[in-house]
Structures are given as structure tokens and as C-alpha cells.
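Since the structure comes first, as C-alpha cells, the remarks are kept for the end.
Nothing in this text is a laboratory measurement; each read-out follows from the coordinates by a stated rule. Only a predicted model underlies this, so the values are computations on that prediction, with no experimental measurement involved. Reconstructed Cβ throughout: ideal geometry from the backbone, glycine too, with neighbour counts over all protein chains shown.
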Amino acid sequence: MIQLNNIEKYYANKGVKSYILRHVTTTIKQGEFVSIMGPSGAGKSTLLNIIGMLEEPTYGTYEFLGEDVTTLNERKRIELYRNHIGFVFQAYHLIDEMTVYENIEAPLLYKKIGSSERASRIADLLDRFNIVAKKDLFPNQLSGGQQQLVGIARALAAQPSIILADEPTGNLQSAQADEIMNLFKKLNQEDGITIIQVTHSEKNATYGNRILHIADGVVKDDVKVIV
Amino acid sequence: MRNLWKNKGFSLINIGGLAIGLASCMILLLYVVYEFGYDKQYKNYKSTYIAYTNMKANGKTFSWAWTPGLLSQELKENVTGVSNSARSSYPISLLIGNGENKLKNKGMFVDPAYLKIFDFDFIDGTSDNILQNINTVILTKSLAKKLFGNHSSINKIVKLDNLEPLKVEAVIDDIPQNSSLTFDYLMPWKLYEKRETWTKKQGWGSNFCLTVVQLQNSNTLAQVNTSIKDLFHRMDKDQENELFLHPLSKWHLYGDFENGKSVGGKISQLKIFLLLAICILLIACVNFMNLSTSRSEKRAKEVGVRKAIGSSRKSLISQFILESTLLSFIGTVVAFILLEISLPYFNNLLNINLIIQYNDWRYWLTLICLILFTGLIAGSYPAFYLSSFEPVKVLKGFSIKAGSAFSVRKVLVVFQFVFASCLIVCTSVIYQQLNYIKNKPLGYNSNGLVQLSAEGNLKNLQKINLLRERLVKAGAVTNVSTLSMSLSNGGNNTSGISWPGKNPNTSVLFNNRAIGYDFVETIGAKMVEGRSISKQFEKDSNSVIFNEAGIKAMGMKNPIGKKIKWDTGENVIVGVMKDFVIDNPFQKVEPMILYSAFKDNVSVILLKLNPSANVTASLSKIDEIVKEINPDYPIDREFVNQSFEQKFENEKLLGTLSNWFGGFAIFISCLGLLGLALFMAEQRKKEISIRKVLGASTGNILTLLNKDFIKLVAIANVIAFPLAYVIINQWLSAFEYRVAISFLPFSLAIVISVLIAILTVSIQSIKVAKANPIDALKYE
């Protein structure tokens, strides 16, 4: 599904290149649950951003679903966002002025899905995440864990084939974090959604089935998680 | 101060907006001051008055500054409270020359007392014992220079109309432009009586001169007015006209009368300009507030830190006010530069001479007040708003809620756009009205119609016939006729016409004009029935023609062949002419009587150019032939459609001014909107990024951002429309012929304002919409 070939990212400053990523080559298959780990500043988030096409690599090629997406025009990228990729953020990034319901609805509106279909999908998600009672509340009326649930529900609304999560539990207490990670695991195993997450926590990484260790921009280790 | 420099772009927008606003405001104020200064140059202007006559006719009361020649003497001698009084003729364009150096200039005939009432600036000579002798003249400085160059003109002889030798007794400074008195030289009244002998014999029923009156005390005006109201009637039992005095200081601005009472006049236009000036300044201030508060997020931290280290709210407020006053000062300096650059253009446009009175303390005082006012108004909101931030909240990580501050700013933007859209509506209606009047048929064909002023030999009917023959033979013109008044001016009228069946208690006012042969053919007008005055009917001396309005006013059926009485003579109606516009194109055509020109009642010769000949060639032929027949006078000719065009000057001026200042107002409003968009985009950066990641395209984002602004503009339009409707309806009601208010101006206003809003907002927000979403999402 994802094929990264010799990805490099560096910033040139007065002729001195400061590398963030070097020679990253890896393949992620459909249905995998990958955790990217490493110390702060190792380049984890940058790698995730490149996979999410939010940043462009300075060098190397990137194929998504068999298509070269290393440099992509905006229209095509938006097309991918609408149909294939869901983002989950550490800070949830819900839209403060909109209710839970409207937040989940937003990607569906951009995907131009009919209103009845929209209503049924949202009802389904609300139901699944046990937040039906909260649907008319605003994000700031929810706890962090609940907000992240809404964030995930929103990411799932467009029925993406892959979810990219940047420290999804970074702002949460451990009980809530476990809940979220279990949800991810379930989504991965039952719905077959590919998940790539960046995390600091060894424990969270074990929910997945593969761990990429990154340090100083280089993939040091690529291990399978054995349950 | 460092702050201003650090945010150069912001400061530029802010100062630029303020400067344009201030410059527009100052130009308008200069103009308003100029107009208010009218006729106030004279020391005694407060106690000087113009005598007006009220005359009832056609069911209306007409008020004129024309009075009988006997009035001045009577007022001076027999009315208590009057200290002085003088007659003057209206300015007449006459030939005045020093040897062969002859010029046509405006002269006035005045009583010697005239020079006591108005303290003109004497450069040479004094006001004592002046104009006593019949052959004397006072020149203005510029005329003296034109006639005599740099030589002294005192005691030299100039010739009036190639006829009267006049001794120059004094030279006075030029009359300021904002004076209702317009003349280039003054001559004694006695000379007028000698030239126009009829004036001597006129009684109390003939109004032909202007009477200026000076009262001992301006407080007694009401008393004097009551005592002189029926003066005409007391002097002559047949006279029903009433007399009143109108202050000199109100002569120019309050020139309209209804039912014999002053009902304003140019003052209303001036009030509009004053309002415009204030509104533009306010808009500029609103802008300033908007832009300042929109940066508050960035400055909130500064406020927090300052407060945390012990700065009081008061000192913060004064800091912000100081900053805004400084900005407004810089804005003023820039405004001055703009002003100096644009003044010549505006002077040219308004055909006046506005200058900045750098050496007048009042001017500086106003300026300082303006700066302080602007600084205070513009700085107040940001000052109080920013200084109210609580330091803890600010330092912890400040985010402005979409709450009160924002809605105040929205109200300000709505206010700006209400103003802008009002102006768009008004301007377009003014233009529509102008076009409507211009395209309204005049009732005659003004194309290729030339008006030649009849002077010297050309006053003689035989010479006119000679001229006609020669011009037609040369192929320069197709028709020649004469008229007793300029075709594009008002003039004589009479209420002395009676007809069988006339109600003796009503009086109907008819314009009366003497016409030459072929008048109707020459101007290209139409006869409704009967015939025109022509050479075939030699005995046309008692035949008259009416226009349709005249026949209607008399309520006459089958008028041809009917007899009417005019003063003492009896006349026969031989024709009815279709109405044509002579004086005011905005009003209905008044009743008119036309009669055959005899002897000397010719003031213009009308020439219809040969349409198949080259215009320049025809004109030079005309000049050549006229010069041969009338060698003593310079050629004075004009195209009728050009002189007609001048009637629209006031309306055109209003249109141009509201166009310009409306443009400025819109431009400044755009800057304000830009500020708001800047703020909004900044505030919603995160949301926009989230939406993009969720799959929103740039188009989606732009729609999202524009939606709110379009809502604001729509609200502004909704408020503006009834307002604009009321204003423009008021303006239109002054015209009898007026364009119907259509949807067009309103839709124009919507389209323009929405378009402008979208453009302004999009320019700003496209940057945000295009930005990489990760930039906003990465940092927490």
C-alpha cells in the first residue's frame, strides 16, 4: 500500500544540510498496524507527515496505492484525503465552533455524500463510540478522551483505508489512552483499516503488529510485534 | 514607536487609509469653508441686505432680487433703521477698450453709495467722491493690467462700447472668487440712465435693478421687514408685489424661495458635503480601530507582560492613545502631501481656487483638533479593549474568542459598507438623472446652432438682413434668425397679458421673447398649428405666437386668429409652437409668448450651420463676414449646446464629487475589510488547516471565509437601501423632470459591494487557504 524509497528530508542553511530523515526505505502493506517510535526530534512526525502528504520529501520517491505521489498537485491530494486517508491528532484538532455531530459530518460534506447516507453513517459512528448523548455538545464541553473519540470518529467517517495518528494518546490519561488504543486495535483487526501511529509509549506500540524505531532520521530497527 | 516600524505593512495600510480619509475630509472642509465664506469679505456684511420682491403669478410666488429704481432713494430717506442704500445694475458684458485694445468684460452701473456699503480694497484712488461724474469708471486690478499693462491707469480714458469715454478714477483689488458680486469695472448709475433712457421713467411696477441696503443694526431686520412689506402698494395702489430684505451673508447659500420665504438652496448641497466629510473621516477612524484590534492577538502578550511588571491600565491606555495620535499625525502629514497634489485637480474640477491658508491660525487650530480627534476616536477602542486583557490569561496562551470584540468590529464594517453602498446608489441615480435630462428632447435642435451676440451694427435689423444674405450665399449657414435673449438663458417675462375669458384675479406669467424671421426653422423647433413669423408677412407687427404651455395656461381652444391684449396693445395669435426648453431643463416649460422683433430688441443672432459644409470652414467664413459688417467689436459667438451644457454644472459637480469621495470611502472601507479578513484568517488558521486535512479544497475554504463577509455586506446593503432611497428621493424631488428610481442603482450597489468584499477578503485569505496545513497544526 505504501512504498517509501530512499526518502530524505533536510533543510539547507548556508550550504550546511541539517538532516531530519535519511535513507528511509520501507513498505507498509494493507492491514498493517505500524507504530513509529523514537526519541524526540528523531523525525517520527516528519515521516508521518510525509506519509500523509502534508510535507514533501527533499529526495526519494513515495508510492501510495501503487501511484507515485512524491509530488502531487492539490486536487489529487485532496482527492486522497477525501477517500483514503484519515488523520488523528495529539491535540484532537476538533473545530471549536461546531458540535460533535457537525465535526463528524464535515469530511462527509467535502466528500459530497447525500444527506440520508450522511445521517446514517454519523448515527452509526456515534452509536459505535457511545457518544450519541454528546452529539449536540461542543468540543470544549467534552473530556480529552471523549474529544479524541470524536476525532477518531471524524477520521473514520469518510471510510478511509488508512489512519495516520500522531501521538493520539499524548494528551490523555492512561485509562483513556488504553481505551483509544483498544479501539485502534479493533478497527485494525475487525475492519481491516491500515493504521500508522507515532508514539512515545512502548506500551502503546505493542497494540500494533509492527514497530519502526527511528533515531536521528534513520530507521534503526523494524520489528514485528509478537503477541 | 518601534512597534510601528516593526509592522511596516500594517502601519502602511493604517496610515494610508487614515491619510486618504483625512485628505478627502480636508478637501471637503476647505470647499465647505470656501462656500461659507461667500460674501463675508466685506466689513459690514452682517448689516448688509439685498432687497427682494415677491410676486404672485401662475398660482406661485416668485422671489427676485429685482427691484424698481425708485426703491433705493425711498428706503434711505423714509424707512427708519436703514442707514444706507444703493442701486446697481446686473453685470452686463460690454466692450471696454484702451485705444485698439478692446475687451469684453463684465461691468456694473452703481450708485456712489454702493462703494460705501462694500469696502472694496482701493489700490489707487479712494472711495470718497467717486463715480459722481457721469463719465467715470473704477477698474479692477486685473482689468487695469489687461488694458494698460504695467502703466498706471488713473485718470486715463477708456472707451465703453466704442462710444462713451470714461475716466479711470480708481483701481480696486480683484473681487474674491467667493463673492456673489462679479464685475470687472464699475460705472456710475447716471451713465446707465443715459444709455438706457427708459430706466428713468419707470415707476413702482418695473423691476430692473438690484438694491443693496445697509441697516443701522442687524437686530432690527424683522422690524424693517414688516414696515417695508407693503411699501410698493403704499407708493402705487396698483402694485401688489411685496418687498423684503435678505441678508447678504445668506445670498449665496440660501438662494431658494418658496411662497416668499427662504427655503435654503445651495446650503443643502453643502450640508451633504459636510456630512460626507465627517463620514469619510469616521470611516477612516473605524478602519484604524479595526486594524488595531485585529492585531491585538499579537500585542496581547505585550500588554500582559507590561501589566505583569506593574504598568497600570491608565498608562497603557495613554500609551495606545499616544500611538494612535502619532499615527494620525503621520497620516496628516501624508494627507497634506496628497492634498497639495490633488488640490489643483479639484480646483480645476470645481472651477474655483481653494488654497491652504498656511498663515491662518484658525486653520492650524482646526488641523490640530482634527489630529487629536482622529487619534482619540481611532485609538480609543483598541486602547480600552487591549488594556482590559488580564495578564494571566494572556500569558498562559491567549486566544481571542469569537465574542464581543469581534462583533463590534463586524458592526463597524457594516457601518462602513452602509455608507459605501449608499454612495454607490446616490451616485448612480445622480448620473441617471443627469443623463435623463440631457437626453430629454429640448424641443429644438441645438446641433450646429451658433449664437452670435448682437452688438454695434448687428443690433440693426437691416445689417442683420445683410448678414443673413451674405452668410447664406457663402454656404456657411442655412438659416439665420434673432432672439431678444440668449437661447439658453432666462429673461424677460410679463404678467400683462389678458384674453377673453381670463379670470381677472389670477395673473399668469409669460416669458416674452422677440424673434426674427425664420426663428422656428433656424432652431429646428416645430409648429403645432398656424404659422411662424416670416418675411412673407410684412405686417406681422401685432402677430404673436404662443407655446403649447401658454395656450394651456390660457385654457384656449382653437387659438388661431383669436385676439389677446398685452398691456395696451391688441395682438392676434397666428401660431402655436411646440414647447421648447429655454431656461431650466429640469423644470416644466413655462408659458411663453413670442412676437416679431422690431427696432432694437435683438440680443443674439442665431445661425444654423450648413450641415453639408465643414464646421471649421463655416465658422471662419462667419467670423470673416461678421468682422466686415461689424468691425468695431470682437466676435462673440458660442455653440448653443455648449452653453446649454453649463446648466448641468451643479449636478455634474455633485456627481463627480460623490463619485470621487464615494470611491475613496469604498477604498478605505476595503482597507478596513482587509484588516478584518486579516484578523479572521489569523484566528481561523487552525480551523482552516483541519478542514483542509479533512479534504476541503481551496475553493471550499474561500467560500467558507467569504460567506461571513458577504453576510455582513448584505446586512449593510439592507440597511443602506431605505436610507439611500430616502436621500435620493429628497434630492430628486427638487426636479420637476426626474428619472424614476429603478432597481438598477441598487443592484449595482449590491454587485459592486459584494464583488469588492469578495476580492478584498480573498486576496487575504487565499494565502491562508493555500498554506500548508501542517504549519498551523504542528505547533501547540
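Quote the charge dipole size of the range A:2-224 about the Cα centre in Debye, to the nearest 20; the model charges only the Cβ of Lys and Arg (+1) and of Asp and Glu (-1).
Working: 24 positive and 27 negative charges, 47 e Å.
Roughly 220 debye, rounded to the nearest 20.
From the phi angles alone, apply the Karplus equation (6.51, -1.76, 1.60; θ = phi - 60°) to the range B:117-127 and give each ³J(HN,Hα) in whole Hz, x where the residue is Gly or Pro.
For the range B:117-127, the Karplus curve yields 6, 9, 8, 5, 7, 7, 8, 10, x, 10, 7 Hz.
Taking +1 at the Cβ of each Lys and Arg and -1 at the Cβ of each Asp and Glu, which of B:A308, B:P382, B:T48 sits farthest along the dipole of the protein assembly as shown towards its positive end, judged by Cα position relative to the Cα centre?
Toward the positive end, the furthest listed residue is B:A308.
Could you go through the range B:337-345 in sequence order and give the Karplus-derived ³J(HN,Hα) for each residue, using 6.51 cos²θ - 1.76 cosθ + 1.60 with θ = phi - 60°, rounded to whole Hz, and x for Gly and Pro?
Whole-Hz 3J(HN,Hα) from phi for the range B:337-345: 4, 4, 4, 5, 6, 8, 4, x, 4.
Where does each of B:M527, B:M108 land when they are ranked from fewest to most other beta-carbon atoms within 10 angstrom? Before the final figure, lay out the partial values.
Numbers: B:M527 14, B:M108 21.
Exposure proxy ranking, most exposed first: B:M527, B:M108.
For B:M577, what residues show an amide H to amide H distance below 5 Å, using hydrogens built from the backbone and excluding near sequence neighbours?
So B:M577 has HN proximity to B:V528, B:F546, B:N547, B:E548.
In whole Å, what are the Cα extents of chain A along the three principal axes, biggest one first?
Between the extreme Cα coordinates on each principal axis of chain A lie 54, 39, 34 Å.
Per residue of B:684-694, how many C-beta atoms from partner chains lie within 10 Å of its own C-beta, taken as a mean? Please list the in-between numbers first.
Numbers: counts 2, 0, 4, 6, 1, 2, 10, 5, 6, 13, 19.
What the average comes to for B:684-694 is 6.
Considering only DSSP beta bridges whose two residues both sit in the range A:2-224, what percent are antiparallel, to the nearest 5?
Numbers: 22 of 39 bridges.
Bridges in the range A:2-224 that DSSP calls antiparallel: roughly 55 percent.
How much of the DSSP beta bridge set in the protein assembly as shown is antiparallel, as a percent to the nearest 5? Don't skip to the answer; put the middle values down first.
On the way: 92 of 128 bridges.
Close to 70 percent.
By a straight-distance test (C-alpha under 21 Å), which lysines pair with B:K40 as possible cross-link partners, with residues fewer than eight away in the same chain excluded?
B:K116, B:K141, B:K250, B:K266, B:K271
Normalising by the residue count of the range B:449-646, find the relative contact order in percent from Cα pairs under 8 Å and 6+ residues apart.
Numbers: 392 pairs, mean separation 74.6, N = 198.
RCO, the range B:449-646: 38 percent.
Once amide H atoms are placed 1.01 Å from N in the peptide plane, what residues at a sequence separation of 5 or more from B:F62, or on another chain, have their amide H within under 5 Å of its amide H?
So B:F62 has HN proximity to B:M55, B:K56, B:A57.
Suppose we keep just the DSSP beta bridges with both residues in the range B:45-251; what percent of those would be antiparallel, to 5?
Numbers: 39 of 48 bridges.
For the range B:45-251, the DSSP antiparallel bridge percentage is about 80.
List, in the order given, every pair from A:K76/A:K220; B:K261/B:K552; A:K134/B:K307; B:K104/B:K647; A:K14/A:K44 whose Cα-Cα distance in the structure shown is over 31 Å. Let's see the in-between values first.
Working: A:K76/A:K220 33 Å; B:K261/B:K552 28 Å; A:K134/B:K307 40 Å; B:K104/B:K647 22 Å; A:K14/A:K44 25 Å.
Violating the 31 Å Cα-Cα cut-off are A:K76/A:K220; A:K134/B:K307.
Please give the average number of partner chain Cβ atoms lying within 10 Å of the Cβ of each residue in A:99-110, rounded to a whole number. Each step should come with its number before you reach the end.
Values: counts 0, 0, 0, 0, 2, 0, 0, 5, 5, 2, 5, 7.
Per residue, the number of nearby Cβ atoms from other chains is 2 on average.
When Cβ neighbours within 10 Å are restricted to other protein chains, what is their mean count per residue of peptide B:415-423?
Neighbouring Cβ atoms belonging to other protein chains average 0 per residue here.
Using amide H atoms built in the peptide plane, which far-off residues or other-chain residues are under 5 Å from A:E32 H to H?
A:I195
Cα centroids of the range A:34-70 and the range B:652-725: how far apart, whole angstrom?
39
Just to confirm my numbers, what's the Cα centroid distance between the range B:88-154 and the range B:586-632 in Å?
Value for the Cα centre distance between the two parts: 30 Å.
So for the protein assembly as shown, taking the charge dipole from beta-carbon charges (+1 Lys/Arg, -1 Asp/Glu), which of B:A740, B:C279, A:Q30 sits furthest toward the positive end?
A:Q30
Putting +1 on Lys and Arg Cβ atoms and -1 on Asp and Glu Cβ atoms, find which of A:I214, A:N13, A:L125 reaches farthest to the positive end of the dipole of the range A:2-224.
Farthest along the dipole direction, towards plus: A:N13.
With charges set only on the Cβ (+1 for Lys and Arg, -1 for Asp and Glu), what does the dipole of the range A:54-179 come to about its Cα centre, in debye to the nearest 20?
Details: 12 positive and 19 negative charges, 92 e Å.
Around 440 debye, computed over the range A:54-179.
With θ taken as phi - 60° and the coefficients 6.51, -1.76 and 1.60, list the Karplus ³J(HN,Hα) couplings across the range B:225-231 in order, rounded to whole Hz; mark glycine and proline as x.
Result, ordered by residue: 4, 5, 6, 9, 3, 9, 4 Hz.
Would you list B:W198, B:W364, B:W251, B:W731 from fewest to most Cβ contacts within 10 Å?
Details: B:W198 9, B:W364 12, B:W251 22, B:W731 19.
In order of increasing Cβ crowding within 10 Å: B:W198, B:W364, B:W731, B:W251.
Based on alpha-carbon atoms only, what is the radius of gyration of the range B:185-234 relative to the globular estimate 2.2 N^0.38 Å? All intermediate terms of the calculation are to be shown ahead of the outcome.
On the way: Rg = 14.7 Å, N = 50, 2.2 N^0.38 = 9.7 Å.
The range B:185-234 yields a ratio of 1.51.
Quick one: angle between helix B:8-36 and the longest Cα principal axis of chain B, in degrees between 0 and 90, rounded to 10, please.
Taking the Cα atoms of chain B, the angle to B:8-36 is about 20 degrees.
Kindly express, to the nearest 10 degrees and within the range 0 to 90, the angle between helix B:744-770's C-alpha long axis and the longest C-alpha principal axis of chain B.
Between helix and principal axis, roughly 30 degrees.
Tell me, A:K111, B:K767 in order of fewest to most beta-carbon neighbours within 10 Å?
Details: A:K111 18, B:K767 11.
Ranked by crowding around the Cβ, least crowded first: B:K767, A:K111.
Where Lys and Arg each count +1 and Asp and Glu each count -1, what net charge lies around A:I28 among other residues with Cβ under 12 Å from its Cβ? Please report the intermediate quantities before stating the final value.
Details: positive: A:K29, A:R210; negative: A:E32, A:E63, A:D222.
With Lys, Arg at +1 and Asp, Glu at -1, the net is -1.
Just how large is the dipole of the range B:45-251 about the Cα centre, in debye to the nearest 20, putting +1 at every Lys and Arg Cβ and -1 at every Asp and Glu Cβ? Could the numbers behind the result be given before it?
On the way: 24 positive and 21 negative charges, 68 e Å.
Computed charge dipole of the range B:45-251: roughly 320 debye.
Dividing the alpha-carbon Rg of the protein assembly as shown by 2.2 N^0.38 Å yields what?
Values: Rg = 42.3 Å, N = 1007, 2.2 N^0.38 = 30.4 Å.
The protein assembly as shown yields a ratio of 1.39.
Using alpha carbons only, how many degrees (0 to 90, rounded to 10) separate the axis of helix A:74-83 from the longest principal axis of chain A?
Helix A:74-83 sits at roughly 50 degrees to that axis.
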